[in-house]
Protein chains: 2
Amino acid sequence: MTAARGRGRPRDPQTDTAILRAALELFIERGVEGASIEQIAKRAGVGKLTVYRRWSGKEELIAQAVEQTIPRDLVPSPEDVEAMAPQEIIERMLPAAAETVASPEFRALTARMMGSAVSHPALMAAYWKHHILPRRELAAAMLRHAQKDGAVSADADPDVLIDMMVGAVTWRVLQPDPPDAAEMLRYIKAVYQQIGLYRPSPES
Amino acid sequence: MTAARGRGRPRDPQTDTAILRAALELFIERGVEGASIEQIAKRAGVGKLTVYRRWSGKEELIAQAVEQTIPRDLVPSPEDVEAMAPQEIIERMLPAAAETVASPEFRALTARMMGSAVSHPALMAAYWKHHILPRRELAAAMLRHAQKDGAVSADADPDVLIDMMVGAVTWRVLQPDPPDAAEMLRYIKAVYQQIGLYRPSPES
């Protein structure tokens, strides 16, 4: 058993899926404080050691479980960011993005992730490094693009602009009376327009 | 005992203070899920009925405890908003505001409040109604002021702009490597400048 730990044994993708699903469910239901490796293993129908062989701790495991839940179509590819105008990228992605962020699952995950940021900084750190930072780099590239075109003010700090966009949307979905997908679409357009990344088309 | 419930008995302000402090501490330490009326009463050194006579539930109690923690100097008076230019109000309030939002206590409270928004909506609803909504109305008045002056774009939705400002700051303090008060001051200025509420003075 000790010898197999961390190497040698082939990984069963179905086991990984069951563990990640159990981690996500328990995180949404109880938060990081209420989800232990033991409970995650039990719900996934595996032994504790099976989980420990794959992840160094529950924060790493939960961060990966959350990452895999956010659809990939929310983020443009690096090639798109290079080749397309920000307005074009945004128009293509907006409807799916609005639907995702207005969903009950996204709201619940956002609340739990924000909620654990101070009490369990290792979870936010893992999520930040693997999930958020690569996406922020793409968003910063889009903003530099738009700054060169003059649509976004040249002296603005891209990190601040990204926080204003992400922060507005995440704060909005945690407020009482959260928006449906149609209202979220209008809302995100208003946010992007204020930054300078989006202009309403004449017919809309 | 039953006859005294909810009326008649004069309230002791020291008891109120002890209960509010215990509620705040337990909320920060354990979140709303880990703080019960029973535990709050025990930590405050009073009986459960003493708490129930004063608050209808733990969400109302925690919301009031959090409200009393946020310093009043973070918010301009309605008279100031009427009489002063937004730039002037912001310049006067910014240093104290930056210090407050960069404090560990504000970070912890923000995380817990956001974290409970979906699992315990009654807490966010109480906090929203008593604390956030009156402040949003003042901020909206400042924004309308600035829209009339032409500093903020006339077609922008004040609710979206408020979310962008509040959302950026709350998201920033939950990120890994949170800012100190000096960095927070620079950051809030950048946020306000992007909205159009603030112009750096020539010497700064």
Qualifying residues in the stretch A:122-135 (those that are facing chain B (nearest Cβ under 10 Å) and in contact with a helix residue (DSSP H, G or I) (Cβ under 9 Å, 6 or more places away or on another chain)) - the one surrounded by the fewest Cβ atoms within 10 Å (Cβ to Cβ): A:Lys129
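To keep it simple, each residue is scored yes or no on (1) assigned by TED's automatic domain parsing to the domain that holds B:Leu133; (2) within 19 Å of B:Ile132 (Cα to Cα); (3) modelled with pLDDT under 95; (4) more than 21 Å from the chain's Cα centre (by Cα).
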{"site": "B:Ala23", "(1), (2), (3), (4)": "no, no, no, no"}
{"site": "B:Phe27", "(1), (2), (3), (4)": "no, yes, no, no"}
{"site": "B:Gly45", "(1), (2), (3), (4)": "no, no, no, yes"}
{"site": "B:Leu61", "(1), (2), (3), (4)": "no, yes, no, no"}
{"site": "B:Val81", "(1), (2), (3), (4)": "yes, yes, yes, no"}
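Could we say that A:Ala168 is among the aliphatic types (A, V, I, L, M) and surrounded by 22 or more Cβ atoms within 10 Å (Cβ to Cβ) here?
So A:Ala168 passes the test.
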message: Please determine whether any residue of the stretch B:150-157 is at pLDDT 95 or above and facing chain A (nearest Cβ under 9 Å).
response: yes
query: Can you name the residue in the stretch B:52-80 that is in contact (Cβ under 8 Å) with a residue 60 or more places away in the chain, part of a loop (DSSP other than H, G, I, E, B) and among the β-branched types (Val, Ile, Thr) and, of all such residues, is surrounded by the most Cβ atoms within 10 Å (Cβ to Cβ)?
result: B:Val75
task: Have a look at A:Ala98, A:Ala108 and point out the one that is surrounded by 21 or more Cβ atoms within 10 Å (Cβ to Cβ) and more than 26 Å from B:Tyr187 (Cβ to Cβ).
output: A:Ala98
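So which helices (runs of 4 or more DSSP H) stay within the stretch B:112-179 end to end and still have 1 or more residues that are outside the structural domain of B:Ile89 (by TED's automatic domain parsing) and of a type outside the set (D, E, K, R)?
none
The values are calculated or read from the model by the stated rules, or taken from the named source; none is laboratory data. Not measured: the values here are computed from a predicted model. Positions of Cβ are backbone-derived with ideal geometry, glycine not excepted, and every protein chain shown enters the neighbour counts.
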